[in-house]
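Visitor: Okay, handing you the structure first.
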Amino acid sequence: MVQASAPGKCILFGEHAVVYGQPAVAVAIDQRMSVKLKLNSDWRIDGMAFHPDRHPHVEALKQRLWDSGPPLSIKITGDIPPASGLGSSAALSVAASAALRCARGRQLRDDDWAEGWTAARPNNVYNGPWDVEKGDSVEYGESSVDEDECAILTHAVEAYAQGGRASPMDSSTCAHGGCIVLSDKVEENLNWLYSRQLNDVSWEVHSVSLENIEDVWLVIGSTGIHAPTSEQVAKVAKLLEKQPEKMREIETIGIVARRGIAALMRGEMEAVGRAMSENHLLLRSLGVSCPELESLISAAAPTSLGVKLTGAGGGGCMIALTRDPKTTSEAIELAGGRTLISRLASAGMSVDDDKESPLWKPHE
Ligand code: MEV
């Protein structure tokens, strides 16, 4: 058996606007998805026959990392509610790509990767699988797994599932963990990780250390309404087509996000909270809030530093930045929401069991 897991994410600033190249900030949360792989006589997912159209993310990864590999039994567990804006599909894809890579290993040539996706190579292209040459070696298990590769594979899969429009926000945050900032340019004060490009939009992906931020939590309130990201992203695209002047809101979200990032870097959480609440008003005017989100947001506001919807909206979840998570959580629950409490920047993907890897040796 091989097992890997990855965290969900909350967007603090910039959802939707990030799809158009504006800056955005997300943090990994304590809630995770886990993927367990075992060899099996036929393809199974959670004990049932595997239907590619029911699990398009897994199917897309299977084609990239397990093409012609032996059948697997895949078990998916986790505590991230699906279709709620908390990155459950990205966390699943990151965990599945880590588990699949761990289970098949990686071919190396001269100590360098001979196959796979890597940020170090031009345009993040897929190299190989190459023909095995004399002197090639293969790395198996946890050491063959790479966060950048899981992030880029997940971005590709998310873009496919969202009709070609997806930022690398969810994929990078669920792979690397911590706090991730996307921008249209390399930000001098942040730790630059890599560039990503999709269609005609490009993003510079950075990580930020939030280690010195203490005594503040995120309370996540779920409306219980399923709102697929693809539909919300398409809704905003339609709005901008009909009312091009709404691009002002997108740009203003970018300005607010920049203010939020600066406050986050200074550790001024009151200012971070104010920027979050402003961000919410702009999202509302893009039409992605809903009455249920508004009622959870009103309930949480009096005990919070800032409140906003998080993710694609239209249902899904809101977040409250608070120093009193218990009281804020109770207020949200009283208003009809289900709550989760998380620290601000949790750990990224991890291989949790690689004792039986490889499950498949495609290199031999
Ligand atoms: C979804 O979590 C965030 C959106 O901005 C879409 C994306 O970034 O791909 C709505």
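Visitor: Taking the range 46-86, which residues are surrounded by fewer than 19 Cβ atoms within 10 Å (Cβ to Cβ), assigned to a helix (DSSP H, G or I) and at pLDDT 90 or above?
Guide: Glu59
Visitor: Of the conditions (1) in a strand (DSSP E or B); (2) open to solvent by less than 50 Å² (accessible area, probe 1.4 Å); (3) of a type outside the set (D, E, K, R); (4) at pLDDT below 95, Val233 fails just one. Which one is it?
Guide: The number of the failed condition is (1).
Visitor: Further question on the same structure: Being in contact with a Phe, Trp or Tyr (Cβ under 7 Å, 6 or more places away or on another chain) and within 14 Å of the ligand (Cβ to nearest atom) is the filter here, so list the residues in the range 151-182 that pass it.
Guide: At the first step, the residues of the range 151-182 found to be in contact with a Phe, Trp or Tyr (Cβ under 7 Å, 6 or more places away or on another chain) are 152-153, 167-168, 182.
Ser167, Pro168, Leu182, listed by residue number.
Visitor: Check whether at least one residue in the range 29-37 is within 16 Å of the ligand (Cβ to nearest atom), buried (at least 24 other Cβ atoms within 10 Å of the Cβ) and at pLDDT 95 or above, and report yes or no. Spell out the reasoning first.
Guide: Within the range 29-37, the subset within 16 Å of the ligand (Cβ to nearest atom) is 29, 31, 33.
Within this subset, residues satisfying the condition of being buried (at least 24 other Cβ atoms within 10 Å of the Cβ) are 29, 33.
Add one more test, that the residue is at pLDDT 95 or above, and what stays is 29, 33.
Yes, the range 29-37 contains at least one residue that is within 16 Å of the ligand (Cβ to nearest atom), buried (at least 24 other Cβ atoms within 10 Å of the Cβ) and at pLDDT 95 or above.
Visitor: So, of the residues in the range 1-11 that are within 12 Å of the ligand (Cβ to nearest atom) and out of contact with any helix residue (DSSP H, G or I) (no Cβ under 6 Å at 6 or more places or on another chain), which turns out to be nearest to Glu142 (Cα to Cα)? Show your work before the answer.
Guide: Narrowing the range 1-11 to residues within 12 Å of the ligand (Cβ to nearest atom): 8-11.
Checking the rest, the ones that are also out of contact with any helix residue (DSSP H, G or I) (no Cβ under 6 Å at 6 or more places or on another chain) come to 10-11.
Values: Cys10: 27, Ile11: 29 Å.
Once the filter is applied, the top-ranked residue is Cys10.
Visitor: Can you pull out the residues in the range 243-277 that are farther than 18 Å from Val27 by Cβ and either at pLDDT below 95 or in a helix (DSSP H, G or I) (or both)?
Guide: If we filter the range 243-277 for residues that are farther than 18 Å from Val27 by Cβ, which is where we start, we get 243-252, 254-255.
Matches in the range 243-277: Pro244, Glu245, Lys246, Met247, Arg248, Glu249, Ile250, Glu251, Thr252, Gly254, Ile255.
Visitor: Restricting attention to the range 268-297, which residues are under 12 Å from Thr252 (Cβ atoms) and either touching a His at 6+ places or on another chain (Cβ under 7 Å) or open to solvent by less than 20 Å² (accessible area, probe 1.4 Å) (or both)?
Guide: Taking the range 268-297 and keeping what is under 12 Å from Thr252 (Cβ atoms), we get 275, 278-279, 281-283, 285-286.
Ala275, Asn279, Leu283, Leu286 - these are the residues of the range 268-297 that are under 12 Å from Thr252 (Cβ atoms) and either touching a His at 6+ places or on another chain (Cβ under 7 Å) or open to solvent by less than 20 Å² (accessible area, probe 1.4 Å) (or both).
Visitor: Scan the range 298-313 residue by residue and report those that are farther than 15 Å from Asp170 by Cβ, touching a Lys or Arg at 6+ places or on another chain (Cβ under 9 Å) and buried (at least 24 other Cβ atoms within 10 Å of the Cβ). Show your work before the answer.
Guide: At the first step, the residues of the range 298-313 found to be farther than 15 Å from Asp170 by Cβ are 298-309.
Narrowing further to those that are touching a Lys or Arg at 6+ places or on another chain (Cβ under 9 Å): 303-306, 309.
Ser304, Gly306, Leu309, listed by residue number.
Visitor: Then there is this: Are there any pairs with C-beta distances below 9 angstrom linking a residue in the range 139-168 that is outside the structural domain of Glu59 (by TED's automatic domain parsing) to a residue that is assigned to a helix (DSSP H, G or I) and open to solvent by less than 20 Å² (accessible area, probe 1.4 Å), with the two at least 6 apart or on different chains, and if so which?
Guide: none
Visitor: Run Asn40 past the list (1) open to solvent by 30 Å² or more (accessible area, probe 1.4 Å); (2) touching a Ser or Thr at 6+ places or on another chain (Cβ under 8 Å); (3) polar (S, T, N, Q); (4) under 30 Å from Val181 (Cβ atoms) and report the number of the one that doesn't hold.
Guide: Failed condition: (4).
Visitor: What pairs can you find where one residue is in the range 193-216 and more than 21 Å from Glu149 (Cβ to Cβ), the other is open to solvent by less than 30 Å² (accessible area, probe 1.4 Å) and hydroxyl-bearing (Ser, Thr, Tyr), and their Cβ atoms are less than 9 Å apart, with a gap of 6+ or different chains?
Guide: Val201/Ser167; Val216/Thr322
Visitor: Step by step: first the residues of the range 163-180, then only those that are touching a Ser or Thr at 6+ places or on another chain (Cβ under 7 Å) and open to solvent by 30 Å² or more (accessible area, probe 1.4 Å), then the one that is farthest from Gln197 (Cα to Cα). Which residue is that?
Guide: His176
The values are calculated or read from the model by the stated rules, or taken from the named source; none is laboratory data. Here the structure is a predicted model, which means the values were calculated and not measured. Every residue, glycine as well, gets a Cβ built from its backbone with ideal geometry; the counts of neighbours run over all protein chains shown. Accessible surface is based on the protein model in full, side chains and every heavy atom, while ligands, DNA and RNA are left aside. Shrake-Rupley method; radii C 1.70, N 1.55, O 1.52, S 1.80 Å.
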